[in-house]
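Report on the following structure.
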Amino acid sequence: PALVGYLEVTDFHLLRHQWIYAAMIALHERAEEIDVLTVAAELDKQKRLHQIGKAYLSQITNRCEDSLMYYAYAAHIRRYSAQRQELNLMQQIGPAIVAGKRAEVDELNSKLDTLHKRMNLPNNGMTDDADVSDLLLEWYADPQEIRGYRTGIHDLDLAMGGLDKGELLILLGYTGSGKST
């Protein structure tokens, strides 16, 4: 129940995982117990249990045995959900700024501020009391600004804007192009 509203069905890459999560949401909405038996019954009612397989359903329920892992996963899910919402708002703010729609920009910034406060996201150095409008205008004025952690490789920092905490970066390039260097 703590993840409903953060995790979307489409966040799962495998169709059978989408079905399992959708069954869990259906149980949650009906205020029923969510365990392997009730999920299996719900999937059977939806005629999907055979496609998923009882053994597979049982196997994935045993992957997360301790509560520490559950809370770690829940924190990641909330963060990714907030990043998805933040990206959506940022994509709307840019065109609104360019079009000079100040009321729309203020409304979107208010939603963005609320998101940051609710999730307590560091978000590239912004604090909860930072004025998002001013920061966005600064960023649009200098898109090459390095906002994240510096790698020490100036050109790489300029290209990426620095690294975000917890970010995984994969460098790709042709053989002999200098990736290791």
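Screening the candidates Leu7, Leu27 for the property of being surrounded by 14 or more Cβ atoms within 10 Å (Cβ to Cβ) and at pLDDT 90 or above yields one hit, Leu27. Take the conditions (1) at negative phi; (2) open to solvent by less than 70 Å² (accessible area, probe 1.4 Å); (3) at pLDDT 75 or above; Lys111 misses just one of them, which is (2). Of the residues making up the stretch 89-108, those that are closer than 18 Å to Arg78 by Cα and exposed (fewer than 14 other Cβ atoms within 10 Å of the Cβ) number 0.
Restricting the first member to the stretch 1-29 and to residues that are among the basic types (Lys, Arg), and the second to residues that are open to solvent by less than 30 Å² (accessible area, probe 1.4 Å), the beta-carbon pairs closer than 7 Å and six or more apart or on different chains are Arg16/Ile52. Scanning the stretch 41-54 for residues that are part of a helix (DSSP H, G or I) and open to solvent by 20 Å² or more (accessible area, probe 1.4 Å) gives Ala41, Asp44, Lys45, His50, Gln51, Lys54. Checking the stated criteria, Glu145 turns out not to satisfy the condition of being part of a helix (DSSP H, G or I), at pLDDT below 65 and acidic (Asp, Glu).
Looking across the stretch 11-24 at every residue that is under 21 Å from Arg78 (Cβ atoms) and not hydroxyl-bearing (Ser, Thr, Tyr), the one that is most open to solvent (accessible area, probe 1.4 Å) is identified as His13.
The values are calculated or read from the model by the stated rules, or taken from the named source; none is laboratory data. Model, not experiment: these values are computed from the prediction. We place every Cβ from the backbone using ideal geometry, glycine too, and count neighbours over all the protein chains shown. Accessible surface areas use protein heavy atoms only, side chains included; no ligands, DNA or RNA. Shrake-Rupley method; radii C 1.70, N 1.55, O 1.52, S 1.80 Å.
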